[in-house]
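The values are calculated or read from the model by the stated rules, or taken from the named source; none is laboratory data. What you see is a predicted model, and the numbers here were worked out from it, not measured in a lab. Positions of Cβ are generated from backbone atoms using ideal geometry, with glycine treated the same way; all protein chains shown enter the neighbour counts.
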Amino acid sequence: MGISTEGAYRAGASVVHVHFRDQRPGMGHLPSWDPEVARAVGYCIKRRCPDIIINMTTGTIGSDGPLGGAPLGPTAGPIACLDAMLPDMAAMNAGSLNYLKANSDGTWAWPPMLFDNPVPKVKTMIDAMTERNIIPECECFDSGIVRSISMYQKVGMLKKPFQVSFVMGVASGMPAKPEWLPLLVNELPPQTNWQVIAIGRREVWPLLNRCLQLGGNVRTGLEDTFYLPDGKKANSNEELIASLVKLVRENGKEPCTTAEARISFGLSEDRKPKSVLISSKI
């Protein structure tokens with residue numbers, strides 16, 4: 001994890017989005033919500049890239065098992081990892097989605113599942129982040145979820161600073177179509193920091209290009225796509241970031257330094273994650 005982050009950082013990334021995986025042999029496809037794993041990953045990243053902005057996943061599905069935040073549960077598991085890692089930002093899944101994909105032969109690619117993020121769960125995660133001075137990254141998989149952000153603000157659940165991420169390309173969510181972006185941006189509260197998370201293959205790069213034209217932030221990595229703009233398969237996050245930096249410069253812009261990114265996100269000195277007394281066995 002630290003080596004992969006360092007490569008992406010050298011290529012121009014100012015933020016790293018982190019998932020934790022089960023460390024047992026043959027189980028790496030499953031998430032881990034073990035605070036010791038989160039602590040070890042944070043240590044490795046900070047040792048190699050001390051000033052990079054760390055953005056931690058908190059996404060859980062269901063109420064039990066590895067996808068559901070086991071053994072602590074769908075909110076307590078991620079919150080324990082927040083306490084162990086103390087990231088600068090954390091993904092805050094802003095609404096529910098039927099997470100589906102159909103094969104060409106008319107069968108489901110996996111059993112239909114609900115990515116469940118009801119309002120009480122959303123509020124619990126926002127409150128946990130606020131208490132720890134961690135900035136929420138509101139991940140929106142569908143247009144109705146985008147529109148919910150203003151309602152969360154209206155009822156006092158969500159306060160600035162935060163970032164909104166349009167997750168585009170999931171088969172049952174928003175498509176990875178550049179023409180959708182102006183409509184989505186118009187649904188955001190004024191002066192909102194936003195980015196595109198583009199999932200797919202060739203469609204990823206025109207979408208990221210349109211995002212840059214509209215003034216958004218951009219993200220890429222092997223979680224989102226395996227393919228470079230020329231259609232070749234990427235070997236690393238570093239390769240993908242290098243291609244994205246090239247696209248940024250083709251649009252007459254420069255990648256933010258980590259210091260500039262911290263200012264943009266509102267990560268001032270008084271918003272550093274609050275320290276907690278923890279023991280470590282790294």
Subject >> Residue ID - nearest to ILE197 (Cα to Cα), chosen from residues in region 223-252 that are aliphatic (A, V, I, L, M) and in a loop (DSSP other than H, G, I, E, B) >> reply: LEU228
Original post:
Pairs, please: C-beta under 6 Å, at least 6 apart or cross-chain, first residue surrounded by 19 or more Cβ atoms within 10 Å (Cβ to Cβ) and at pLDDT below 95 and in region 161-175, second small (Gly, Ala, Ser) and not in a strand (DSSP E or B)?
Top reply: none
Original post:
Is it fair to say ILE145 is aliphatic (A, V, I, L, M) and in contact with a Pro (Cβ under 7 Å, 6 or more places away or on another chain)?
Top reply: no
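Which one is modelled with the highest pLDDT among residues in region 12-35 that are surrounded by fewer than 17 Cβ atoms within 10 Å (Cβ to Cβ) and under 30 Å from THR257 (Cα atoms)? Working first, answer last.
So the first thing to find is which residues in region 12-35 are surrounded by fewer than 17 Cβ atoms within 10 Å (Cβ to Cβ), and the list is 19, 21-30.
The next check asks that each one be under 30 Å from THR257 (Cα atoms); those that pass are 19, 21.
Values: HIS19: 95, ARG21: 92.
The qualifying residue modelled with the highest pLDDT is HIS19.
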Subject >> One residue from ALA13, ALA70, ALA40 being under 27 Å from GLN195 (Cβ atoms) and either touching a residue at least 24 places away in the same chain (Cβ under 8 Å) or not hydrophobic (A, V, I, L, M, F, W, C) (or both) >> reply: ALA13
**OP:** Have a look at ILE53, ILE3, ILE45 and point out the one that is in contact with a Gly (Cβ under 9 Å, 6 or more places away or on another chain) and β-branched (Val, Ile, Thr).
**Re:** ILE45
**OP:** Might you let me know whether region 211-222 holds any residue that is outside any helix (DSSP H, G or I), under 17 Å from ALA11 (Cβ atoms), at pLDDT 95 or above and basic (Lys, Arg)?
**Re:** yes
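Listed residues ARG201, ARG219; which is basic (Lys, Arg), surrounded by fewer than 18 Cβ atoms within 10 Å (Cβ to Cβ) and out of contact with any Lys or Arg (no Cβ under 8 Å at 6 or more places or on another chain)?
Just one listed residue meets the conditions, ARG201.
Please go through region 190-201 and pick out each residue that is in a loop (DSSP other than H, G, I, E, B), on the phi < 0 side of the Ramachandran plot and either among the hydrophobic types (A, V, I, L, M, F, W, C) or at pLDDT below 95 (or both). Give the steps one after another, and end with the answer.
Within region 190-201, the first condition is being in a loop (DSSP other than H, G, I, E, B), and the residues that meet it are 190-192, 199-201.
With the extra rule that they be on the phi < 0 side of the Ramachandran plot, the set shrinks to 190, 192, 199, 201.
Passing the criteria: PRO190, ILE199.
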**OP:** Of the numbered conditions (1) in contact with a helix residue (DSSP H, G or I) (Cβ under 9 Å, 6 or more places away or on another chain); (2) closer than 21 Å to PHE20 by Cα, GLY65 fails exactly one; give the number of that condition.
**Re:** (1)
**OP:** Working only within region 176-188, note down all residues that are surrounded by 15 or more Cβ atoms within 10 Å (Cβ to Cβ) and either modelled with pLDDT under 95 or within 26 Å of ALA13 (Cα to Cα) (or both).
**Re:** ALA176, PRO178, TRP180, LEU181, LEU184, VAL185, LEU188
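Kindly indicate the residue of region 8-35 that is in a loop (DSSP other than H, G, I, E, B) and touching a Gly at 6+ places or on another chain (Cβ under 8 Å) and also farthest from SER236 (Cα to Cα) among those meeting that condition.
Initial filter on region 8-35 (in a loop (DSSP other than H, G, I, E, B)): 12-14, 19-20, 22-30, 32-34.
With the extra rule that they be touching a Gly at 6+ places or on another chain (Cβ under 8 Å), the set shrinks to 22, 33.
Working: ASP22: 21, TRP33: 25 Å.
Here the residue is TRP33.
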Original post:
How many residues are touching a helix residue (DSSP H, G or I) at 6+ places or on another chain (Cβ under 9 Å) and free of Cβ contacts under 8 Å to residues at least 24 places away in the same chain when one looks only at region 43-59?
Top reply: 1
